[in-house]
1. Between Gly220, Gly168, Gly191, which is at positive phi and either touching a Lys or Arg at 6+ places or on another chain (Cβ under 7 Å) or surrounded by 14 or more Cβ atoms within 10 Å (Cβ to Cβ) (or both)?
2. If I ask for residues that are crowded, with 17+ Cβ neighbours inside 10 Å and touching a Leu at 6+ places or on another chain (Cβ under 9 Å), which ones from the stretch 323-341 would you list?
3. When you scan the stretch 446-460, do you find a residue that is at pLDDT below 95 and within 30 Å of Tyr189 (Cβ to Cβ), even just one?
4. Checking the condition among the small types (Gly, Ala, Ser), surrounded by fewer than 19 Cβ atoms within 10 Å (Cβ to Cβ) and either within 21 Å of Asn455 (Cβ to Cβ) or in contact with a strand residue (DSSP E or B) (Cβ under 9 Å, 6 or more places away or on another chain) (or both), which residue from Ser31, Ser67 passes?
5. Just checking, which of Arg351, Arg378 is surrounded by fewer than 24 Cβ atoms within 10 Å (Cβ to Cβ) and either of a type in the set (Ser, Thr, Tyr) or assigned to a helix (DSSP H, G or I) (or both)?
6. Please determine, by comparing only the residues of the stretch 414-450 that are of a type in the set (Ser, Thr, Tyr) and in contact (Cβ under 8 Å) with a residue 40 or more places away in the chain, which one is surrounded by the most Cβ atoms within 10 Å (Cβ to Cβ).
7. What's the number of the condition Val255 fails, among (1) surrounded by 15 or more Cβ atoms within 10 Å (Cβ to Cβ); (2) in contact with a helix residue (DSSP H, G or I) (Cβ under 6 Å, 6 or more places away or on another chain); (3) in contact (Cβ under 8 Å) with a residue 60 or more places away in the chain?
8. Regarding the stretch 517-531, can at least one residue be identified that is of a type outside the set (Lys, Arg), on the phi > 0 side of the Ramachandran plot and crowded, with 17+ Cβ neighbours inside 10 Å?
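The values are calculated or read from the model by the stated rules, or taken from the named source; none is laboratory data. All values reported here derive from a predicted model rather than from experimental measurement. Every residue, glycine as well, gets a Cβ built from its backbone with ideal geometry; the counts of neighbours run over all protein chains shown.
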Amino acid sequence: MIRFARAALLFALLTVVMTWPQAARLTTDASEHYDVFFNMWRLGSFAHALATSPTHLLDGNIFYPESRTLTYSDAMVVESVTAAPLLWAGVPPVLVHNLMLLGGIVLSAAGIFVLAAKLTGSQTAGITAGIVFAFVPYRFDHYMHLELQWTVWIPWAFWALHKLFETGAMRDAMLLGLFITLQFMSSIYYGLFLAVLIAVCALFLLCGTHRGVLRTRMAGLIVAAGTAAILIVPYAIPYLASRRTLGPRPEVQVVMFSARPSSYRAATTTNYLYGDRSARLGRPERRLFPGVLPLLLAVVGLLLYSPTNQALMYLIGLTMAFEMSLGLQGYTFSLLYQHVPAFDGLRAPARAGIFVAFFLAVLAAYGHAALGRALGTRVQRVLMVVFPAVLLLEYWVAPLALIAYTTAPPPLYRWLKTQPPGVVAELPMPQPEGVPAHEPRFAYMSTFHHMPLINGYSGYYPESYVNRLDRLRGMPDDAALQALVADNVRYVIIHKGLYRPGTAEEVYWALKRHSRFREVGHFDDGLSGADVFAAR
């Protein structure tokens, strides 16, 4: 535990450096992306439900009158449970969001440090592995995606897998099942990928297991699988219910967000060394370059390190993860998409690229340890400085582009919190074929009043919401106004600054003349002001 704590402190300091100026703006700023609003809505919605109606944890307040709306994306249970006490204590939501985001990076690095140090016997090799896993371009490509930073339990799952094959103890088997569960409840994408890759790696280890202990190890794997199933199934049932309504991801969408081999040559455009070249190669979700030094160290590790059985397992895992990241352009994910229901709900197979980084990080640790042993103590001390420095240079993107987010409710939402409960409509809403526009911000603002919204933003959009957008397309015509009445809307908020010039006035006067609604007043909405109407 002392070694883990020291590693966590080291990687916390490195994370401050690599994500600068995030630490200096921890309470106010985050990545400029509407998913940051979505992250804060999920954390706030879960915390509110946990405190007020625990039996409805996954029934978020968006997309009224739909239920289970948190299952339209990843509910981030582990992150949300961790964040809830902070939100209950009044810690600003932007600060909570950033602590969860950076905490995922730090704990992931500390976890793989422990794993790599155990496998190689070298703490400096563990540091190399931690830097690779924590700061590869993938991390910065997904800096706005909170759940995709939570790779915390992947190293511990493989740590438990090794322990199980060393001891055969049922305690280690249950730990393996627990870590798989925790990863699934931190990120469904990673939980599904981890289950497949753990199974492949376990099969490889079984092939090299002595016959005398083979039955014990197989029994342990069955216990691990059973533990994970028992813990995951209750959480998965609401997702399966939503899938029956929402259906699978379209194949054209899955192909769009599948990796190509060229994706592993693309870093983020902000990368100091490789950004200019990457601008021609990559696009969001397909920036998976792991760096040059980790590849070289991995080759050294495979050639020089002994024993090689474990290193070969990580090479097999890397190959499998790479092939899986190709999505429907590969074999593994295509098979899973067609035959395992959960996988046909994954939009971006390229996210398996973080497992490529994980396996490569471990192999790089083998290479670091092998060079240290071959070249002697004096060289080891040099490598202890040189390798981290080169890796940090390869991954350097600071300063990050950040913007300020609202940390307290504007007067509009403070007032709304004091009103009788009712359905809220925030206008303008997007066109059916349009971008999410301001829906993520409206969802986040609802965490200050928790009333049901006809608005919404998520990974899936229910048919009722899509149909509503179509009915509201002609706002403020009679059909659109009648749609608000039919949806039992009690509060209509017109954000004037979000409309094209002159359009907001048309909506205002249509509601002013409508027999169902009465004008309440004009409020500061944190933007350019809003007019509010309430049902009579």
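1. Details: Gly220 fails: at positive phi; Gly191 fails: at positive phi.
Going through Gly220, Gly168, Gly191 in turn, just one is at positive phi and either touching a Lys or Arg at 6+ places or on another chain (Cβ under 7 Å) or surrounded by 14 or more Cβ atoms within 10 Å (Cβ to Cβ) (or both): Gly168.
2. Met324, Ser325, Gly327, Thr332, Phe333, Ser334, Leu336, Tyr337
3. Taking the stretch 446-460 first, the residues at pLDDT below 95 are 459-460.
Within this subset, residues satisfying the condition of being within 30 Å of Tyr189 (Cβ to Cβ) are 459-460.
Within the stretch 446-460, one or more residues are at pLDDT below 95 and within 30 Å of Tyr189 (Cβ to Cβ).
4. Numbers: Ser31 fails: surrounded by fewer than 19 Cβ atoms within 10 Å (Cβ to Cβ).
When all the criteria are applied, what remains is Ser67.
5. On the way: Arg351 fails: surrounded by fewer than 24 Cβ atoms within 10 Å (Cβ to Cβ).
Testing whether each residue is surrounded by fewer than 24 Cβ atoms within 10 Å (Cβ to Cβ) and either of a type in the set (Ser, Thr, Tyr) or assigned to a helix (DSSP H, G or I) (or both) leaves just Arg378.
6. By that ranking, first place goes to Tyr444.
7. (1)
8. Step one: filter the stretch 517-531 for residues of a type outside the set (Lys, Arg), giving 517, 519-531.
Still in the running and on the phi > 0 side of the Ramachandran plot: 521, 526, 529.
Those still in the list that are crowded, with 17+ Cβ neighbours inside 10 Å too: 526.
Yes: the stretch 517-531 contains one or more residues that are of a type outside the set (Lys, Arg), on the phi > 0 side of the Ramachandran plot and crowded, with 17+ Cβ neighbours inside 10 Å.
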